[in-house]
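Reading through the structure tokens given below for one structure.
The values are calculated or read from the model by the stated rules, or taken from the named source; none is laboratory data. From a predicted model like this one, the values you see are computed outputs, not experimental measurements. Because the Cβ atoms are built from the backbone with ideal geometry, glycine has one as well, and the counts that use them run over all protein chains shown.
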Amino acid sequence: MAIPKHIAIIMDGNGRWAKAQGKKRTEGHKEGVKNVRSIAIYANSLGVKCLTLYAFSTENWKRPIEEVDYLMSLPKVFFHAYLKELMEKNIKVTMIGDINRIPDEARKIFLDAIAKTSKNTGMILNFALNYGSRDEIVKACMAFAKDYKAGLVDTLTEESFNDYLMTAGLPDIDLLIRTSGEERISNFLLYQLAYSELIFRPEAWPDFNKQSLDACLEEFEHRSRRFGGL
Ligand code: FPP
């Protein structure tokens with residue numbers, strides 16, 4: 001099977017999953033964290049080079065404070081439970097997004113996981129946290145303008161623009177998956193998704209399992225990717 005090098009996932013539907021079972025929305029996020037572990041381990045075992053997960057968007061701050069606080073406690077829950085296993089599996093943790101506005105504890109935990117796994121050579125597990133694509137593109141333009149003004153660069157190409165994005169150095173995204181039936185991009189990786197295959201799955205994120213990923217990979221394999229050519 002052709003394994004995509006870089007898969008990105010919008011992990012949607014935690015809240016609805018919980019509500020459907022008469023539970024609090026946060027229970028859905030808790031279950032979602034467990035699923036991050038199992039899908040990351042599985043993707044690594046399949047030979048995926050990079051898995052980017054949308055964990056918190058720049059728009060998610062608009063949620064009730066209790067839910068925002070809960071979401072910001074998830075890095076601690078996740079890395080306390082699974083950092084050891086990520087090390088054993090040689091998985092490297094990275095992140096994209098504006099790390100400066102993340103509460104201290106979550107930021108420290110992320111930076112610690114990034115540092116501890118930095119020499120690992122297996123799959124890159126890349127979390128999008130406090131990430132918004134328009135924010136990223138604007139920041140990239142500002143960084144380019146600064147370099148241009150300083151005389152460090154005299155032109156900009158599609159290639160060199162990539163280097164100003166938070167995803168600099170990561171392979172192009174081959175496949176984007178969004179769970180829970182919504183068919184939107186929601187300000188995720190707008191520039192990077194130009195030629196990606198998009199797959200929308202009906203399951204909520206906590207129900208998206210290995211079989212669901214297998215089904216996505218099968219579908220991916222059947223789609224013909226011509227990048228605008230014939
Ligand atoms: C969308 O579901 C999901 C989120 C906003 C959070 C996703 C985060 C995780 C699964 C865990 C992240 C893990 C780490 C380590 C940071 P929703 O709440 O929008 O669901 P709904 O559409 O049903 O309301």
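When the stretch 7-59 is filtered for residues that are out of contact with any Phe, Trp or Tyr (no Cβ under 8 Å at 6 or more places or on another chain) and over 25 Å from residue 123 (Cβ atoms), the ones remaining, listed by number, are 15, 16, 18, 19, 20, 21, 22, 23, 24, 25, 27, 59.
Within the stretch 124-159, how many residues are among the polar types (S, T, N, Q) and closer than 30 Å to residue 102 by Cα?
Residues in the stretch 124-159 being among the polar types (S, T, N, Q) and closer than 30 Å to residue 102 by Cα: 3 in total.
So, in the stretch 163-174, of the ones that are touching a residue at least 24 places away in the same chain (Cβ under 8 Å) and not hydrophobic (A, V, I, L, M, F, W, C), which residue ends up nearest to residue 132 (Cα to Cα)?
The selected residue is 167.
Checking each residue in the stretch 136-157 for being acidic (Asp, Glu), under 25 Å from the mean Cα position of the chain (by Cα) and farther than 15 Å from residue 189 by Cβ picks out no residue at all.
If we keep just the residues of the stretch 16-31 that are basic (Lys, Arg) and more than 8 Å from the ligand (Cβ to nearest atom), which is nearest to residue 55 (Cα to Cα)? Restricting to residues being basic (Lys, Arg) and more than 8 Å from the ligand (Cβ to nearest atom), the top hit is 30.
Here the stretch 3-15 is the region considered, the condition is being within 12 Å of the ligand (Cβ to nearest atom) and touching a residue at least 40 places away in the same chain (Cβ under 8 Å), and the residue that is farthest from residue 63 (Cα to Cα) is 9. Kindly indicate which of 180, 212, 160 is surrounded by 12 or more Cβ atoms within 10 Å (Cβ to Cβ), at positive phi and at pLDDT 95 or above. Only one candidate qualifies: 180. Looking across 127, 78, 110, one residue alone is touching a residue at least 60 places away in the same chain (Cβ under 8 Å), crowded, with 18+ Cβ neighbours inside 10 Å and within 10 Å of the ligand (Cβ to nearest atom). It is 127. Let me spell it out: the conditions are (1) among the hydrophobic types (A, V, I, L, M, F, W, C); (2) part of a helix (DSSP H, G or I); (3) surrounded by 12 or more Cβ atoms within 10 Å (Cβ to Cβ), and residue 142 meets all of them except one. Which number is the exception? Only one criterion in (1) among the hydrophobic types (A, V, I, L, M, F, W, C); (2) part of a helix (DSSP H, G or I); (3) surrounded by 12 or more Cβ atoms within 10 Å (Cβ to Cβ) is unmet by residue 142, namely (3). Restricting the search to the stretch 178-218, which residues are in a loop (DSSP other than H, G, I, E, B), over 18 Å from residue 165 (Cα atoms) and small (Gly, Ala, Ser)? Matches in the stretch 178-218: 180, 181, 204.
Filtered by the rule that a residue be part of a loop (DSSP other than H, G, I, E, B) and under 22 Å from residue 197 (Cβ atoms), the stretch 152-165 gives a lone residue, 165. Just to be sure, is residue 188 touching a Lys or Arg at 6+ places or on another chain (Cβ under 9 Å), within 16 Å of the ligand (Cβ to nearest atom) and closer than 16 Å to residue 96 by Cα? In short, yes.
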